[in-house]
Amino acid sequence: MAMRIGALEAGGTKMVLAVGTADGAILEQISMPTVEPELVVPQMAEWFASKNVDAVGIGAFGPTVVNPANPNYGKICFTPKPGWSNYDFLGTMHSICDVPMGYDTDVNVACLGEATFGCAKGLDSVVYITVGTGIGAGVMVGGQLLHGMLHPEAGHILLTVNPDDPGKSVCPKHTRCFEGLASGPSIEARWGAKAVDLADRQEVWELEADYIAQALEIYVTCYSPQKIIIGGGVAHQEQIFPLIRTKLADYLNGYLKTDELDDLDSYVVPNSLNEKQGILGCLELGRRALEA
Ligand code: ADP
Ligand code: ZN
């Protein structure tokens, strides 16, 4: 019988749980709100146990400890979400549903989903960024999801504030980080309207594309990805993609010459899995945990 793999996309506002197979077929899926962990985590673990899964892959909101060698592996770090700071997420899941579990960040699993089933299939170095309520990047280099000391927090790189920018950062820690200047809430604070209602304001998307392109220039030069995928609510404004590509080319200024950068239309792309990149990445993470 085919392996049954559990997938858990643990987001800051909602949890998505699925059971699927190694080839990326989702057999069933439910979701629940991200309330206090004592209420929601045991319930989720029991759901997976009741579905007789052989393994589970978890993509968690961060910051969280993703290095298995760290004594705090699987714990959520500091967070304003009530009850979640220092919560032993993976440990509690495992104590109720005793199967192999893979554990990584929400953005890393989205990157893994695209690299396994989506537009980055066959590539080994990929950056996936989400531009939504927050900004984060999942990074795969040489086939490995990047962890390092904790995990990349590439939404908090400092950018150059555009001289035409009338707004200021919404990040409580940084006056000019990518998330502070370009997340959905930042757009809304700057322009005084919901991002979705600003669709035909050219200046909004020129500025947004400038910040995204500044960040991509850094990712290209530091991570050397073969493809960059942009997801999250703000990326639904597809008119920003040509603007981002043009500005990225300006910032790179011909310094690097590769086949990938010669074809920016294929290099900087929207997510390709219809918002399933995260849950499918969790499935692959679960499959890998079972294989290991
Ligand atoms: P989250 O980051 O919370 O998981 P999303 O990726 O949907 O969720 O991001 C939500 C943010 O994206 C909000 O700030 C919202 O205004 C913005 N957003 C959602 N849909 C759109 C859209 N179609 N166009 C522009 N902005 C959007
Ligand atoms: Zn910041």
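The values are calculated or read from the model by the stated rules, or taken from the named source; none is laboratory data. On a predicted model such as this, the values are computed, not experimentally measured, just so you know. So basically every Cβ, Gly included, is an ideal-geometry build from the backbone, and we count neighbours across all protein chains shown. We work out accessible area using only protein heavy atoms, side chains counted, and drop any ligands, DNA or RNA first. Shrake-Rupley method; radii C 1.70, N 1.55, O 1.52, S 1.80 Å.
Points to keep in mind about this one:
- Residue in region 150-164 that is at pLDDT 95 or above, in contact with a Leu (Cβ under 7 Å, 6 or more places away or on another chain) and under 15 Å from TYR219 (Cα atoms) present: yes
- Among the candidates ALA292, ALA213, the residue that is at pLDDT below 95 and of a type outside the set (Phe, Trp, Tyr) is uniquely ALA292.
- Whether a residue is under 19 Å from the mean Cα position of the chain (by Cα), within 16 Å of ligand 2 (Cβ to nearest atom) and of a type in the set (Ser, Thr, Tyr) was assessed, and SER224 does not pass this test.
- Filter result (in contact (Cβ under 8 Å) with a residue 12 or more places away in the chain and loosely packed, with under 14 Cβ neighbours inside 10 Å) within region 32-52: PRO33, GLU36, GLU38, GLU46, ASN52
- Residues in region 258-272 that are over 15 Å from ILE129 (Cβ atoms) and in a loop (DSSP other than H, G, I, E, B): THR258, ASP263.
- The residues listed here are LYS247, LYS276; of these, the one that is of a type in the set (Lys, Arg) and without any contact (Cβ under 8 Å) to a residue 40 or more places away in the chain is LYS247.
- Of everything in region 124-166 that is touching a residue at least 24 places away in the same chain (Cβ under 8 Å), open to solvent by 10 Å² or more (accessible area, probe 1.4 Å) and farther than 21 Å from ALA60 by Cβ, the residue that is nearest to ligand 2 (Cβ to nearest atom) is ILE157.
- If only residues of region 172-198 that are part of a loop (DSSP other than H, G, I, E, B) and open to solvent by 50 Å² or more (accessible area, probe 1.4 Å) are counted, the one that is nearest to ligand 1 (Cβ to nearest atom) is LYS194.
- Residue check for ILE218: modelled with pLDDT of 95 or more, under 24 Å from VAL139 (Cβ atoms), away from ligand 1 (no atom under 16 Å from the Cβ) and surrounded by 13 or more Cβ atoms within 10 Å (Cβ to Cβ): yes
- Some residue of region 199-206 being away from ligand 1 (no atom under 14 Å from the Cβ), open to solvent by 70 Å² or more (accessible area, probe 1.4 Å) and assigned to a loop (DSSP other than H, G, I, E, B): no
- The residues of region 57-90 that are open to solvent by less than 30 Å² (accessible area, probe 1.4 Å) and among the small types (Gly, Ala, Ser), listed by number, are GLY57, GLY59, ALA60, GLY74.
- Count of region 112-123 residues which are outside any loop (DSSP other than H, G, I, E, B) and open to solvent by less than 40 Å² (accessible area, probe 1.4 Å): 5
- Residue check: ASP210 meets all listed conditions (1) touching a Lys or Arg at 6+ places or on another chain (Cβ under 7 Å); (2) part of a helix (DSSP H, G or I); (3) near ligand 2 (Cβ under 9 Å from one of its atoms) but one, namely (3).
- Some residue of region 148-166 being farther than 30 Å from TYR73 by Cβ, in contact with a helix residue (DSSP H, G or I) (Cβ under 7 Å, 6 or more places away or on another chain) and within 16 Å of ligand 1 (Cβ to nearest atom): no
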